[in-house]
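What follows is a set of notes on a single structure, which appears directly below.
The values are calculated or read from the model by the stated rules, or taken from the named source; none is laboratory data. Just so we're clear, the structure is a prediction, and the values are computed from it rather than from any experiment. All Cβ positions, even for glycine, are placed from backbone atoms using ideal geometry, and neighbour counts span all protein chains on display.
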């Protein structure tokens, strides 16, 4: 099953609403069914507030996911940075218990000037160690969702994320198609281009290749990859959603599709849902 929704707060919501607690009603009004909450700058929300939000989203039948803090870097050679990254993951998962969310999206790391193969190897081993640490907690019902990235200085190609997720069934890929397109300088144009993404997932993940989390937006890119998120009005950088919608149907994908457009998240999520539902 495919669900559509948004991340953060779009301009339309902020013009009409003062409280983030009104988001579930806003999404339901637009016939959307998922939302991503971000702990961008740290896990600073109380358990009580999480529980309050969780009940509101559950009542509105909106599936919640969470984005972990951006400070995480499993590619770092600094053991203190790795310890902090582990704690950001654990702290986010603890809040998710109160929110009722099941999927935790995170950026796996940056190269920090190191060769890509060296940085990836370190990332892979540190995430493997993280899984061992999580065995000590009651987090078996949650998914860790490493994200494909758009800048050349970041770990997160489709193959890198697939290899990481092959470590354990608790790992589910977050496939950000805008990031993939930006990293590849506009590589996603045809249905075949999108199919190649799923064939890579199938190569490493087998039968669970089509159970993923999705981010989608159009993104401006340059020589080093991603520059900034755009809206669906863009007709230069892409990618386009229509060919992806056909591939999602073809591969029987189960996912939440989260719009990350710049300020028009709700509008563009509704547009994607319409495109998908109108396919034969």
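Points worth noting:
- Among the conditions (1) in contact with a strand residue (DSSP E or B) (Cβ under 8 Å, 6 or more places away or on another chain); (2) surrounded by fewer than 16 Cβ atoms within 10 Å (Cβ to Cβ); (3) at pLDDT 95 or above, residue 74 misses just one, which is (2).
- For the criterion of being buried (at least 20 other Cβ atoms within 10 Å of the Cβ), under 19 Å from the mean Cα position of the chain (by Cα) and over 30 Å from residue 166 (Cβ atoms), residue 217 fails.
- Restricting 5, 12 to those that are under 23 Å from residue 271 (Cα atoms) and surrounded by 18 or more Cβ atoms within 10 Å (Cβ to Cβ) reduces the list to 5.
- Of all the residues in segment 1-45, those that are without any contact (Cβ under 8 Å) to a residue 40 or more places away in the chain, closer than 20 Å to residue 103 by Cα and out of contact with any helix residue (DSSP H, G or I) (no Cβ under 9 Å at 6 or more places or on another chain) number 4.
- Residues in segment 254-280 that are closer than 19 Å to residue 36 by Cα, touching a helix residue (DSSP H, G or I) at 6+ places or on another chain (Cβ under 9 Å) and assigned to a loop (DSSP other than H, G, I, E, B): 260, 261, 263, 264.
- Put simply, of 180, 227 the only residue that is under 19 Å from the mean Cα position of the chain (by Cα) and crowded, with 21+ Cβ neighbours inside 10 Å is 180.
- Filtering segment 192-210 to residues that are loosely packed, with under 15 Cβ neighbours inside 10 Å and in contact (Cβ under 8 Å) with a residue 40 or more places away in the chain leaves only 203.
- For residue 187, the criteria (1) closer than 21 Å to residue 224 by Cβ; (2) in contact (Cβ under 8 Å) with a residue 24 or more places away in the chain hold in every case but one, which is (2).
- Qualifying residues in segment 9-33 (those that are modelled with pLDDT of 90 or more and outside any helix (DSSP H, G or I)) - the one farthest from residue 61 (Cα to Cα): 10
- Residue within segment 101-110 that is modelled with pLDDT of 95 or more, surrounded by fewer than 17 Cβ atoms within 10 Å (Cβ to Cβ) and within 19 Å of residue 38 (Cα to Cα) present: yes
- Residues considered: 257, 253, 197. Of these, the only one that is more than 24 Å from residue 63 (Cα to Cα) and under 16 Å from the mean Cα position of the chain (by Cα) is 197.
- The set of residues in segment 63-86 being assigned to a helix (DSSP H, G or I) and within 19 Å of residue 149 (Cβ to Cβ) consists of 81, 82, 85.
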